[in-house]
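Here's the structure we're looking at; comments come further down.
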Amino acid sequence: MSSAEKVWRSIGRGRAHPSEVLNTLIELDNRQGAVGLYALERELGRALPRLRPSARPLAQAWLEAVVLYRQTYYPEARLARLLCRTSLPAAG
């Protein structure tokens, strides 16, 4: 089962244990890295307004957990430095 499926299944159940959340995010990070975290964040953010009202608080909690995990392990400054090193020099 993919990490996204685990997230949606927990939202459908209406509950998530903190260790389940952390383990799911670690698994996603190990398999797909920052790209997977950004993808899950985008998926949750886009789906949040369409969810039934009773599911929104848990989905919002998952979204906040993904954002905090990503910001903790992939700080923007570190990511920006990496992108600057890998970008091509400007022509001119």
TODO: Search segment 1-15 for residues that are open to solvent by less than 50 Å² (accessible area, probe 1.4 Å) and pair each with any residue that is among the acidic types (Asp, Glu) and modelled with pLDDT of 95 or more when their beta-carbon atoms are under 6 Å apart and the residues are at least 6 apart or on different chains.
DONE: Ser3/Glu27
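The rows are residues; the columns are (1) at pLDDT 95 or above; (2) part of a helix (DSSP H, G or I).
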site: Ala16; (1), (2): yes, no
site: Glu20; (1), (2): yes, yes
site: Ile26; (1), (2): yes, yes
site: Asn30; (1), (2): yes, yes
site: Arg46; (1), (2): yes, yes
site: Ala59; (1), (2): yes, yes
site: Ala77; (1), (2): no, yes
- [ ] Considering only segment 16-48, state which residues are over 22 Å from Glu76 (Cβ atoms) and open to solvent by less than 90 Å² (accessible area, probe 1.4 Å).
- [x] Ala16, Ser19, Glu20, Val21, Thr24, Glu27, Ala47, Leu48
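The values are calculated or read from the model by the stated rules, or taken from the named source; none is laboratory data. No experiment lies behind these values; they were computed from the predicted model shown. Quick reminder, even Gly has a Cβ in these numbers, built from the backbone with ideal geometry, and neighbours come from all protein chains shown. The accessibility values were calculated without ligands, DNA or RNA, using every heavy atom of the protein model including side chains. Shrake-Rupley method; radii C 1.70, N 1.55, O 1.52, S 1.80 Å.
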